[in-house]
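The values are calculated or read from the model by the stated rules, or taken from the named source; none is laboratory data. These figures come from a predicted structure and were not determined experimentally. Cβ placement follows ideal geometry from the backbone for every residue including glycine, while neighbour counts extend to all protein chains displayed. Areas reflect the complete protein model, heavy atoms only, side chains present, ligands, DNA and RNA absent. Shrake-Rupley method; radii C 1.70, N 1.55, O 1.52, S 1.80 Å.
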Amino acid sequence: MADMKIHTRLCPHCANSIGKDALTCPYCKADLVLEIEPEWPRYLEDLDRPASRSEKEKLTVKSKAILVLGLLVFTLGVYLVGGNVERSDIEPELAENKQAIREKDDKIKALESQLAGLRRDNQGTTQQIEQLKSKLAETQKDLSNVQQRLASANREVGRLSALRSASGPRPAARTIDPPPASSVTARNSRNAEPRMYETVRSTPVYEEPSNSSRVVAQIGRGTEITVISSGAGWLEIRSRHGKPPGYIRADDAMFISKAN
């Protein structure tokens, strides 16, 4: 017995499968005689039919575009997230660098202020040197004037001596040479009592009462010394510690009292 094949169609109203010769739909009860049957898509046939080459190419291009777009979005997200993480990691280092730059700026400003102070001090020292030079020049000028006056006085003395010798036979004036400082000191030493002096400045001790004599010692300021004689601008001193005697200039010490 041969199999009987049932022919069906889709209801134009509810799309249920009904008999091909049915006059009404058993599901939605619609009248199928007066109604025009719409053309329903044959989805089963469309599913069974293989896709064409153009459709495959369209799907491939769309897939590629979506893939590329997805990669771009993913890359942008990674970049933004990585940038935020890297920025959060760099911020402490940037803060340290800014602090170091501020400290260096402060040091530079301090050095500049010190340099300005040194320049001001140097300018003041230069002005002092110029003042000392001007004073020295004035002193040398005064000394030159004194020397000129002394030369003029010597010439005047020579002229007066010549006039006196020419005016008459007078006995020649005998020039008395001043006694040496050592003899004056020795003569005064016999009459003077030991006295106590105090040096007003640091002074050298000479072997003889002369600036050209050999220096035997050096006495500091405020030192008490024993003077046994004086004369011709010199003081003869004796050491209480067994050192050799010597001479100092009289203006380098002042009298305190008599020695005990």
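Brief remarks follow.
- Odd one out for SER189 among (1) assigned to a helix (DSSP H, G or I); (2) modelled with pLDDT of 85 or more: (2)
- Residues that are of a type in the set (A, V, I, L, M), open to solvent by 20 Å² or more (accessible area, probe 1.4 Å) and in contact (Cβ under 8 Å) with a residue 24 or more places away in the chain within the stretch 199-218 comprise VAL200, VAL216, ALA217, listed in sequence order.
- Test result for LEU143, open to solvent by 90 Å² or more (accessible area, probe 1.4 Å), of a type outside the set (D, E, K, R) and assigned to a helix (DSSP H, G or I): yes
- When the residues of the stretch 249-260 are filtered to those that are in contact with a Phe, Trp or Tyr (Cβ under 8 Å, 6 or more places away or on another chain) and among the small types (Gly, Ala, Ser), the one that is farthest from ARG201 (Cα to Cα) is ALA250.
- Residues in the stretch 219-248 that are in contact (Cβ under 8 Å) with a residue 24 or more places away in the chain, open to solvent by 90 Å² or more (accessible area, probe 1.4 Å), out of contact with any Phe, Trp or Tyr (no Cβ under 8 Å at 6 or more places or on another chain) and within 14 Å of GLU198 (Cα to Cα): ARG238 alone.
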